[in-house]
Structures are given as C-alpha cells and as structure tokens.
Amino acid sequence: MSPRRTETGGRIDRLRTIRFTFDGAPYTGHAGDTLASALLASGVTLFGRSFKYHRPRGLLAAGVEEPNALVTVLRGEVREPNIPATMVEIYDGLVAVSQNRTPSLAWDIGALNQLGGKILSAGFYYKTFMGPVIGPLKGTRFWMFCEHFIRRAAGLGKAGTAPDPARYERMNAFCDVLVVGSGPAGLMAAKAAADQGVRVILADLEAHFGGSANWSGESIDGMPAADWAQRMAAQLAGNDNVRLLPRTTVWGYYDGNTLAALERVTDHKEVAAKGEPRQRYWAIRAGKVVLATGSFERPLVFPGNDRPGVMLAHAAERYVNEYGVLPGQRVALFTNNDSAYRSAVALKKAGAAVVAIIDVRSDVSNEMRRLASDAEAELLAGHAVVATEGGKALTGLKVQRFDAVSGSLSGDERSVHADSLLMSGGWSPTIHLASQAGAKAEWDSSRQAFLPPKPTQRWIGAGAFTGSFSTAEAIAEGRAAGLQAAGGAALSAPLPVVEAVPGDPDPAPVFEIRAKGKSFVDFQHDVTAEDVRLAHREGFVSVEHLKRYTTLGMATDQGKNSNVPGLAIMAEALGKPIPEVGTTRFRPPYTAVSIGSLAAERFGDLKPERLTPMHDWHIANGARMYSAGLWYRPMIYGLPGETVEQAYVREAKATRDSAGIVDVSTLGKIAVQGPDAAEFLDRVYTNMFSTLAVGKARYGLMLREDGLAFDDGTTWRLGEQDFLMTTTTANAGKVMQHLEYFLDVIWPELKVTVTSVTDEWAGAAIGGPNARAILASCVTGTAVDNATLPFMGIVHGRIAGVPVMICRLSFSGEMAFEVYSGAGYGTRVWEALIEAGKPFGLVTYGLEALGTMRIEKGHVTGAEIDGRTTARDLHLDWMLSKKKPFIGSAMMDREGLIAPDRLELVGLIALDNRALNGGGHIVEALDEVNPHDSLGHITACCYSPALGKYIALALVKGGRARHGTRAFVSDPLRNRFGPVEIVSNHFYDPDGSRMHG
Amino acid sequence: MLITCPYCGPRDVIEFTYQGDGNRERPQPPSQDLDAWNAYVYDRLNPAGDHNEIWQHSGGCRAHLRVVRNTITHEILSTAFARGGHKSADNRAEGRS
Ligand SMILES: [Zn+2]
C-alpha cells in the first residue's frame, strides 16, 4: 500500500496497476489516476521549482488550473512541456519529467535566486532592458549581458526540437445546443435539451463526466453524486441526437456562436488505435450554448502560501474522494468562507486528523461550528495564518489573531503542527468563455467575485458559472437552461433531490494576510503581493499595465488562480473598490492549444497535393520531385551518381543541342469566352488582344490597379470569341480571382465568362533544334512546317490518335512547341512524344533545366515579378500599349515608379567562376566586414552550359546604365563574396534567331 | 461568421475571400486624375460599426457579394450580389479608342 492511498474509496480501479516513470524513477498508480494523484499517493510532495526564485512547489490544485506542478511528457523523441500533472492521465509506460531545475528537483542550484529576491522583483526585466546609464554595460548591453543567465534561470519547460510525428484532425460540427461543462448543471442541461429532440453536444475537459459530482461527497436522488452523474452520462450516450466529448476543452468562443474545442483523443493511451489522431480540433457552430463551466477556488495570499503541502481545500477533497489519496495525515484548514468546512469533514471521514480550522471570520455560524466539531477540529475563528514552516514539505504553520475588517494582526503567534494546509479564499466563476464572447464581467460584492453579465451572444449560464454555488441550484438552473436553449417549455416534474453539507456561498472580503515574508499571488509567474504594491508605487495604476509590468496572470495558466486576488490587492493599494479598478477581458485560448491541432490536415500526410497527368510517368522514370505550392513537378531526371547541377546542365545542354521535353501541365489555364472576350482582354492586359488573329497566340502582361506588374503568360485565340489564357503556375488562382472581380463588380456589362481549365489540359513543351522533326514524325492531321505553323501559330492535329492542340511558342529560346491534350490522355501523348524523340536523343528535363534556360534567355518569372517591380523595371515597357487604357495604366507612371534609381533587371556573370546564390546582394566595392549599401539583389542563378559560366538575374539600381561594369556580390550569411560583371539580362541568342528558326 | 450567399445560403466565412471596401469608386478610364485613382486604390474606410464590403464566395459559387458587416460584432446585416448594384459606369465606349 502506498503511503497516502486510502484503504477504500475513490473512483479509481484498484485492481489495475499502472507503471510509469517520473524524473527517471519508477512509480505505480491505478487506472483513473492522474499523474498528480498517483505521485501524491506515492508520497511525492515536490513537483516543481518556481519560475523566478526556484522555490520548491507542490500541488496547489487538482484540475486544469494547477499552476505549480507542470511537467514535460516524453514520447520517443517528442517532448511536450508545461502540462499540469493534474491533467495527465497515467498509462503504462508514461514518461514524465519535472521542469525548471538544475540538476534535480530536490537539489536545485537556481534556488540561490531566493537570496537575491530583491533583484528579481516586479519589473525586473524592464529595468534590465534599460540598464545603467553609463559604463561598459550601459543601455541594452546590460540586458544582453544578463540575458544568457536569466534565460537559463527563469523559465518553464523546454520545447522539443524533433518534428512531431503525430497526426491531428479538424472536425466541423453543428448542433442546436452545445453544453460546456458536465457537472450537475451541465448534465441536467444536456439531458433537458436532448429530451426535446434537438442535436446536443456535451463537452468536458476532464476524462469523466460529472464535474464536482465526482468528488463532492454529496448524494443526488439517494445515490452518491458520482454514481448519479455516471448514470446521467450513460443515458445521454444512448441518445442518437447527443454527441459526448470527454477530454475536450472548449477554448474559444467566437462570433456567430462558433466555438473552438480541443479533444485529446489518445494522449491518455499507451498506444493509439488504428486511425486515431492524437488530438482533434473541433469547430462547433452552435444554435445556443449552455455555459456550465463551474468555478475556481481562490488561494489566500499569506506568507509562505506556496510551500509544498499548502493546497486548495476543494483539491484535497477531490484527491480524497475521486482518487482515494490523502494529501496529509495532520491537516489544517485556512478559510474566509464556509466551503472549507465541507472539505474538513471529507478529510476527517477519509482518515486524516483535522487539527485546526483557521477562519478569518470571528462570527462563524453555528452550522459551521457543528461541522468543525464533527471533524474533531479546533476552530480558530478570527485568526489567520501568518507563516508556514518546512523545507520541501510542510511541517507546521503559525497563526495569529486577525481582524477581518481592518486586516490587522494581534496577539502572540501560535504554532500548529500540520503536514497539510488547505486553504479557501472563496470562489470565482469560470467566466472565460462568456468574456471571450464579448460580455464584460460584473463584480458581485456579496459573492466577492466577477459574475457573467447579460449575454452578448446566444448563451445561457447555469450553476456555479452564474455564482450559484450549491448543487441544488446547479441542477435547477441546468435543467432550465437546457430547456430554454432547446426551445422547450418549463417542466413541472420534480428535480433530483440533493443531500449536501449546507453553507453560505458568500465569503468574507479578505484576500491577503499582510505579514512578513513572501506571499504569492501568481504562483506560476512568482508574483508576490509586494510586487503588486511595488508596481503601484512605481506608477502603474491601470490593471493592464500592472499585468504587463509584474507579469501577473500572464503565465501558461493565464491567472486562473491569481486574477481576483491580484486585483483585490491592487484595489487596496489604489484605495478604490474592486469594480472601479476593473478587470481584463479573457482572450482565447482558455488553455494551451497545440499548434499541430490547428494545422491539422493541412500538414503532412493529409496535405492536399496536385499532380499532373504525367506524374506517375515522372516517378517511374527517375524524376526527383519538387513541391511548388500544392503542385509536384520534376526537378531533375538524375542519372545514377549525378549531382543536381550535373543533371540540369546535361538536360539543358541536350535540349539546346538536339531536343528536350518538359511537363507544363501546371501552368494556369483560363478559358475566356464570350462576345466581349477580346475587349475584356484589352482591358486586363497591357498590350492589345483584340487585334490578335484566330489561330495565333500572344505573350501578354498584366498589371495591378496600382501600376505594378502582376502576371504574364501567353493567350491563344482559338476562335473569334474564344481565348485560352495561360498564367504562371503560382498565380493561377490569383489571376482567376482578379478576372472574376472585374467582370462581376466593375464591368458587369461585359458579356464574358471565365472558366478555370487548368486541370482539363495536359501540357508538354518540346524544344530544341530537332523539336520540329520529332513532332513531324508523330503528329497526324496537320503539318508543322514554318508555313503551317509559324512562330506563335496554333494548329490542331492528333498524336497517337489523341486530338492535340499545338502552339509554337518558346520559353527555352529554342524552336519549341507546346502540345496540349485532354488531361486523361496526357501520358499517352507524352509517351508518344518520348518514343518519337528516341532517334533524336530527346531528353526529359525538369524545373532546374527549365529555369537555367530561362535565365540564359533573361525571361522573368515570379522571382522578378515580385509585387515591387514595374514593366519598365523588367524591360517590358514595349508591351505597354499607348492606344488604350488598361488595368494599371493610370497609376503606372507615378513619379516613384519611373524614378531613375529604381531596381532594374540585369544579368550577372560570376567573374570568379563560382556559383551565385539567390538573395545575395550586389555592392559597388567589397568590404566583407562592413558591406557597402546594397545596389540590389540576385533573383535567380544557375550554371549556364550555353555560356560555360555561373550566371544570375538580378534587380540592380539603375541597372541598364551599369551594363559592362563590375560590381561585387556580398552575401555575408552564406559567406559568398566575389566580383561579378553586370550585363544585359539577355545572355543567350539575344535576337531570338534560334526560336524563330 | 456566417455569410448568407443569395445562391448558396448561409455559409461559413472560411468559404469567402474578402475583396475590400465596397465604397470605393473606380474612376472611368481613360481618366488620368491621379487623386481619384489614388483614392480608389489606396483609401479605405475603417469604420467601427457597419461597413459596406465586397466578399467573393470563392469556395462556392464564386459570386461577388456586397455585404454590410458590423466590424465590432461581426454581425452580417445584409448581403446582395455585387453585380448590378455597383456604381461603376459603363465605360465600354471609353475602353476603345
Ligand atoms: Zn455562393
């Protein structure tokens, strides 16, 4: 038997033992345990070291709000830091480690920080940023000097560096009623709504439905509340119109009643079942939402309130009743309200000695006095705890007389010997989701808590969320909320009967006991009451500034325990009532959300892919694929032992020597059709298309409305009213949207339709001195000679029996043809072309060789049409028609767009015969230590087999005027420096004699 | 956010693409009035409240909609086809020269 496990009781399965490790040591627990409860049962009291001072810390809470016991869970190479041990369900083989300690939890050298407590007080970081005014470490240098040490000393868990192999899913869900929280209120709401026949989703962040029913020790309808909850959940599970989501945290409440939730599907399992994701992100659109999110118990702020062994009172009750674990043998309670008396009775019943109940109130009700005597506890009314004792575990505490009205202490200190101190500072409704939805919280002075106000979205509150802290109220409000949300009439049927320990829900307005020593407000960020006062003395009066200066409430727990006590202390410092100080609005997410769950299918295995019709052929023929957006395209068809450079140089050279073929199916293709199609193209292109003859193609350039270059491509006139526009691969979607916008919004009178036909056509570009001969040998139904198929001409014929459309146009600068066929026949045509090319040594080439040949020709792509360049910058001003207005024509001549020092397209030749890098800068003189001002940058580079040199395209200030001059490439990041010659971007065959044939 | 497309009914905002301030008026080409063009290309109203916007149902029927949306609450007050209701003049005659 483990030292703290009770003989009986709890909702754990004592017959199932589970083995796990914590900080490398083996432990056991039972099915139903959390890491926190299993370790506590095994006698562990020290769970972590605090953020700044490295103080030993134990468990404060039992649920999601736990600020101290943060652990890192390891799964293979993957580490997930900063998970509350209270939220980790144990499984066989679980490996968890503690955080923020060097070298070990028990002996941590960082604890020396405690001696320097004054230095690390509020605003420490800000003061360090500023630093001394003079001296070698003046200004921000001081921060840079300190940063290394601070980063090591202050912190939470370390993130892993290995890629996350887990799979995540996104689900969209729709329901009439979403119930958040499955305590008695949530269960009643879900049941009432489900009985109306509407679609219900019930979500709870815990593994088991029931909320407080699982540990309250109360009874409902004559049975233990936990059994009642289980029965309710089972009934709900039997309904077709109900979806139950355990382990699901609703973390965001957005407009239109859209809520975001994270389901931890397999985090609690040793092995995931086939097909199960690790986590599932739910986007839930709900007609109505019932918020039954309960409340958090608040800590009291007093010296030493962070010592291991000091715990929230309800958390102790939960460890006893839900997990069968006693937090201590000799227990004292410290409270400002009645709820702790119930905890005292529960601990007594479980076998602990309750040595004292210290109540700040002097007038304790007779009912509570009776409970104290039932627990055989000494009642110290009108007293307060002023100190705690012990090292890594509590050994005792000191109490003094206390006046709850003035806050003053009097009389002698008295020692109480205890190994566990349970505190209750009242309760704060969990109003985070309501606050996210836009509602401003309202202070209730009798509850001493922020309550949700009137809803700003379609939600209804129930139970402790509304400040109704008793189970009977929760049950009544839950049923009413469920009925209202489902549109049902009120019921007269009797409500389930609750037997509970009575108590007044209103606490005394006492948040802090001011005595000597560190009293913690924010446990996770190590913010003390004195830090809050210091911030006030230094002039921080707004609650938002206070938060940022002290970092109160800004840790991973987002101040779930500390918000209200922190506000109360500040209000006192300001001499204002709490509602006048105000509160901050809660923002999503409620708890930490994995980035993986947000990316979900858009990453890894399930990312959508676009494959060309010839994709399988490329793979089968040794292509190395390259992903461009969603597309996959061959990069090279490498031979064994070839480097990438060797492969593309061979491919490009063979194309220029004989012939090469490349898959161009990814080019965007848009059918532009209708009586006004030619007029429309005249408006969207800078050059004229209405004059283009049927059966001919033309290269076109589009600008944006602001006059900058947008996209280029060839457009083919297939008929009087029928054009096929091609766009760059990357801009296909953007161009389509651009055209649709103008047709729909600006020029609705134009009779034109645009249709994306990218996926209907397979395209192959075949180029080189022998390209025409290859085509001639396999095309039927048309000639391809110069008369029939001139430059930019279009013919229709057949290849391997498949109808094809052939346009003679060239990107490579060679005599070249683009052959289009129906996508389903792409591979057949491709293979026929390959076969026909065999006698000519036709090579297949990929993106690298394509890029090499276009750089040699000085053609532009997206690297040069980068959203900052104009047609003039790219030497495309010859395409700007003066005969008509077009999109961008009014704006393209603005002063800044025609300035002489603009970056212009040029060619570069590396004079040191070494490869250049994209992104490298061009400078006038070489100084590797202090590079001169950049003249521009390299946009594309390659080894040119045609020139036998390393060349590049670049955008350089006043580029044309620099032709024939020398400059230097300066690329300190990649340590590439060297001389280059600036030349025209038309490196190869500038007069185009090769493609014109 | 739900936008009710007149063709497709109420659809999630994820299906739509924001296409900007719906109050802009495009000068009629061949106007070279740079102030007017500047206003059209760069000036945007940024009201805290009801705003007249253009959205495209890009993940659906691809129609452009004129949407009145409250920028504070994200409430959609009205939706209609942008086509037809827009102030753009018929500049077809000026388009040819
Ligand atoms: Zn639509």
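Key figures for this structure:
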quantity	calculated
Flag if residue A:528 is over 11 Å from residue A:301 (Cβ atoms) and buried (at least 24 other Cβ atoms within 10 Å of the Cβ)	no
Residue A:729 vs. criteria within 14 Å of chain B (Cβ to nearest Cβ) and within 46 Å of the chain's Cα centre (by Cα)	no
Count of residues meeting criterion [of a type in the set (Lys, Arg) and under 14 Å from residue A:610 (Cβ atoms)] in segment A:757-779	0
Selected residue (criterion: nearest to the ligand (Cβ to nearest atom)) from residues of segment B:1-11 that are surrounded by 13 or more Cβ atoms within 10 Å (Cβ to Cβ) and at the interface with chain A (Cβ under 10 Å from one of its Cβ atoms)	B:3
Residue within segment A:972-981 that is touching a residue at least 60 places away in the same chain (Cβ under 8 Å) and either within 23 Å of residue A:812 (Cβ to Cβ) or crowded, with 19+ Cβ neighbours inside 10 Å (or both) present	yes
Residue in segment B:79-89 that is modelled with pLDDT of 95 or more, at the interface with another protein chain (Cβ under 7 Å from one of its Cβ atoms), surrounded by 14 or more Cβ atoms within 10 Å (Cβ to Cβ) and within 16 Å of the ligand (Cβ to nearest atom) present	no
Residue within segment A:736-749 that is within 37 Å of the chain's Cα centre (by Cα), among the polar types (S, T, N, Q) and away from chain B (no Cβ under 14 Å) present	no
Qualifying residue in segment A:754-768 (condition: under 20 Å from residue B:17 (Cβ atoms), within 11 Å of chain B (Cβ to nearest Cβ) and free of Cβ contacts under 8 Å to residues at least 12 places away in the same chain)	no
Those residues of segment B:17-51 which are open to solvent by 60 Å² or more (accessible area, probe 1.4 Å), more than 16 Å from the ligand (Cβ to nearest atom) and outside any loop (DSSP other than H, G, I, E, B), in sequence order	B:34, B:35, B:42, B:50
Condition broken by residue A:410, with the remaining ones in (1) open to solvent by 40 Å² or more (accessible area, probe 1.4 Å); (2) part of a strand (DSSP E or B); (3) under 30 Å from residue A:208 (Cα atoms) satisfied	(3)
Lone unmet requirement of (1) open to solvent by 30 Å² or more (accessible area, probe 1.4 Å); (2) in contact (Cβ under 8 Å) with a residue 12 or more places away in the chain; (3) out of contact with any helix residue (DSSP H, G or I) (no Cβ under 8 Å at 6 or more places or on another chain) for residue A:848	(3)
Flag for residue B:57 being within 11 Å of chain A (Cβ to nearest Cβ) and surrounded by 15 or more Cβ atoms within 10 Å (Cβ to Cβ)	yes
From B:72, B:14, B:54, residue being at pLDDT below 95 and either within 16 Å of the ligand (Cβ to nearest atom) or part of a strand (DSSP E or B) (or both)	B:14
Count - residues of segment B:12-39 that are at the interface with chain A (Cβ under 10 Å from one of its Cβ atoms) and farther than 24 Å from residue A:733 by Cβ	11
Residue within segment A:507-528 that is farther than 30 Å from residue A:52 by Cβ, charged (D, E, K, R) and either under 35 Å from the mean Cα position of the chain (by Cα) or at pLDDT 95 or above (or both) present	no
Pairs, first closer than 13 Å to residue A:571 by Cβ in segment A:523-551, second among the β-branched types (Val, Ile, Thr) and surrounded by fewer than 22 Cβ atoms within 10 Å (Cβ to Cβ), C-beta under 7 Å, six or more apart	A:543/A:581; A:543/A:583; A:543/A:584
Strands (runs of 3 or more DSSP E) within segment A:242-337 that include 3 or more residues open to solvent by less than 20 Å² (accessible area, probe 1.4 Å)	A:248-254, A:258-264, A:279-291, A:310-312, A:330-335
Which listed residue, of A:793, A:733, A:801, is more than 24 Å from residue A:653 (Cα to Cα) and open to solvent by less than 20 Å² (accessible area, probe 1.4 Å)	A:793
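One line per residue, one yes/no per condition, for (1) polar (S, T, N, Q); (2) more than 19 Å from residue A:166 (Cβ to Cβ); (3) within 14 Å of chain B (Cβ to nearest Cβ):
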| residue | (1), (2), (3) |
| --- | --- |
| A:238 | no, yes, no |
| A:241 | yes, yes, no |
| A:248 | yes, no, no |
| A:252 | no, yes, yes |
| A:255 | no, yes, yes |
| A:265 | no, no, no |
| A:271 | no, no, no |
| A:284 | no, yes, yes |
| A:289 | no, yes, no |
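So that you can scan it fast, the table gives a plain yes or no per residue for (1) under 30 Å from residue A:557 (Cα atoms); (2) assigned by TED's automatic domain parsing to the domain that holds residue A:751:
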residue	(1), (2)
A:601	yes, no
A:608	no, no
A:623	no, no
A:627	no, no
A:637	no, no
A:643	no, no
A:659	no, no
A:674	no, yes
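Each row is one residue, and each column tells you yes or no for (1) closer than 26 Å to residue A:963 by Cβ; (2) within 14 Å of chain B (Cβ to nearest Cβ); (3) in contact with a His (Cβ under 8 Å, 6 or more places away or on another chain).
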residue: A:842; (1), (2), (3): no, no, no
residue: A:846; (1), (2), (3): no, no, no
residue: A:862; (1), (2), (3): yes, no, no
residue: A:871; (1), (2), (3): yes, no, no
residue: A:883; (1), (2), (3): no, yes, no
residue: A:913; (1), (2), (3): yes, no, no
residue: A:929; (1), (2), (3): no, no, no
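The values are calculated or read from the model by the stated rules, or taken from the named source; none is laboratory data. Treat the numbers as computed from the prediction; the structure is a model and nothing was measured. Using ideal geometry, Cβ is built from the backbone for each residue, glycine included, and neighbour counts are taken over all protein chains shown. Accessible surface areas use protein heavy atoms only, side chains included; no ligands, DNA or RNA. Shrake-Rupley method; radii C 1.70, N 1.55, O 1.52, S 1.80 Å.
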